[in-house]
Amino acid sequence: MSTDTDHLERDIAQLTRDHRPGLWRYLRFLGCSPDLADDLAQETFVAAMEHPFEDHHWKATSAWLRTTARNLYFTTLRKQEHNPVLQNPVIAEQVWDRFEKQDGGEQTLDALRDCLESLNGRARDAVQLQYRERKSRVDIAAILEMTPDGVKTLLRRTRSLLKNCIQRKIES
């Protein structure tokens, strides 16, 4: 025999499967460390269990979860006596809405992966060293036999190319 508790557990499990990856990325976007994003995402779903809400559609549910997670994050920062890095939450929310769409940002991430695959030569190496290996510009310059300013220019141009590539893939 199914109970209301069983139904609620299934709903929360489905809610978690559907929204956790996007919520975690949102918390990272706000400035959370990976560990803190894990903790706050979990706390957000606990809050959803403790304070049920009407799950009308994906976008409204996502917005409710983001608001809850953001409030938990700011509460955590206040307790740690840190000021949030986020200067304008309204603009951040607008940027996130464009990224997230209806799929938690999966389309944008797929486009980024495809665009990264299209890079070659120094551009690919510079991105790998900067973002995967977390090397400094000076270190990258030494490895690629460039000047630090040359690396800065290369990375700026490469980010612009990636941005345009992603936009083309999303719009097509």
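Throughout, read-outs are computed from the coordinates displayed, never taken from laboratory work. All values reported here derive from a predicted model rather than from experimental measurement. Positions of Cβ are generated from backbone atoms using ideal geometry, with glycine treated the same way; all protein chains shown enter the neighbour counts.
Before moving on, here are some points about what is shown:
- A Förster distance of 30 Å, applied to the separation of the beta-carbon atoms of Leu144 and Gln107, puts the FRET efficiency at 0.40.
- Whole-Hz couplings from phi, Karplus 6.51/-1.76/1.60, listed for the stretch 12-27; x for Gly and Pro: 5, 4, 5, 4, 5, 4, 6, 10, 4, x, x, 5, 4, 4, 4, 5
- Distance (nanometres) between label positions extended 7 Å along Cα→Cβ at Lys169 and Thr75: 3.8
- Extension gain from Asp38 to Thr67, taking 0.36 nm per residue of separation minus the Cα-Cα distance: 8.8 nm
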